[in-house]
Every structure is written in structure tokens, then in C-alpha cells.
Amino acid sequence: MRAALAIGVVVLTSVMLAQPQDAFRPAPKEPPLPEIARAPAFTLTSQDDVQVGLADFRGKVVAVTFIYTLCTDTCPVLTPMMSFVQDRLGPDFGTRIAFVSITVDPERDTPAALKEYAQAFGADLGGWAFLTGAPEAIRGVTRRYGVFAAPAENGDVNHSFLTSIVDRRGILRVQYLGVRFDPEEFRRDLLSLVKER
């Protein structure tokens, strides 16, 4: 019996030693998102016709994106995708995570137009601000965030799509180019910054 037990221990030890060393280590944690720079400040007018600035969100993780309400191309892809992520964030949305959508068409996107747009896409306005302002203020914000925007001959606004995530300290951490980024990765990045100390 003892011989059988000793053989069993030797066999088990041999099997364990033959395993790759990484098989017994926990999976490594995702590396933290890089710190790009201090996020450009702004103060604009919300869908409720009140002044809202980036500083108002200090202590929250903020996703900043650029849209316009009459867009028929990519904004109707980006906004519902963000609404989908909003719903998947649960109680963190609004309390620890906020979304900010800034218009690139301030001449037409009044606070009332932005509120109607937000409601059409199921935005929870308790955690999602839709902002407009004077054309020169909007041009300044888009430029500082690296977004191109220019009127087209047909009345549309040609603009690049850049969604920026700002951490709780106001540091720009990641930027997604385009509208077809992975919503699950976006959600994970937001939550990773909520958990950062």
C-alpha cells in the first residue's frame, strides 16, 4: 500500500513538474491604460440650456465624443452603440461614469434639438450631457481634441470620429478612432478607470 502511495506521489509530482510554469499562475491583469495628457477643458451649453464644463465631471470617468443631430451617416451608429454601453454599465453610469456628446453643428443644434436627439436614442440624461455652444467655442474644442469638422456643400458636416476617455483626475487616457470600435472593450476600459486608485 505504501509503495502504491509512493508511486502515486512520484507520478503526480512528475505530472506537475511537466506542466508549464504559467499553468499555476493567475492570468496577468490588463496593463493600465496609458496617460496621454491633461484633457482639454471646455464649458458649453447642455440640452437643458445650462453651462456644463469638463471640470463638472471631476471624480468621474468621462467619454467625450462629437456628433450632430442631422447626421445621416455615422452618428446614428455611434450614438446607439454608446446607448447600448450605457445600459450595460449598470449603476456605475451617471454615478461614476458620464458621457458627453458635443455637436459639430452648433448653428442648428440648439439645446432643444440636442434634447430631442438624446431622447430618440434612449440617452439617460442623468449621466449623459449633449453640448452645444458658439461656433468659435465648438471649433476650439474640436481642434483641441483632434477632431476635424467642416461644413459640406450639401449642408452636412464632414467630421472625424474620435471618442476620448478621460479619467477621474481629468487625464486623457485613450482615444477610439471611428465608430466601429468594440463596445465591450469600450465598457471594460471605462470600468478599469473606475477601479483605478
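The values are calculated or read from the model by the stated rules, or taken from the named source; none is laboratory data. All values derive from a computational prediction rather than experimental measurement. Here Cβ is always computed from backbone atoms with ideal geometry, including for glycine, and neighbour counts include all displayed protein chains. Note: areas computed on protein heavy atoms with side chains; ligands, DNA, RNA excluded. Shrake-Rupley method; radii C 1.70, N 1.55, O 1.52, S 1.80 Å.
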ask   = For residue 112 and residue 188 in one chain, what is 0.36 nm times their gap in residues minus the Cα-Cα distance, to one decimal in nm?
value = 24.1 nm
key: Cut-off under 5 Å, modelled amide H: who pairs with residue 99 long-range   = 63, 128, 129
note = In the range 131-189, the chymotrypsin sites (Phe, Trp or Tyr not before Pro) that sit in a DSSP loop and have at most 14 other Cβ atoms within 10 Å of their own Cβ are 148
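Arrange the peptides 58-67, 77-86 so that the one whose residues have, on average, the most other Cβ atoms within 10 Å appears first.
Averaged packing, sorted descending, gives the order 58-67, 77-86.
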ask   = Taking a probe of 1.4 Å, how large is the accessible area per residue of the range 143-192, in Å²?
value = 51 Å²
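Per-residue counts of other Cβ atoms within 10 Å, averaged by peptide: what ranking do you get for 119-127, 94-102, 42-50, highest first?
Top of the packing list down: 94-102, 42-50, 119-127.
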Full-stretch length increase - residue 58, residue 175 - with 0.36 nm per residue and alpha-carbon distance subtracted = 40.3 nm
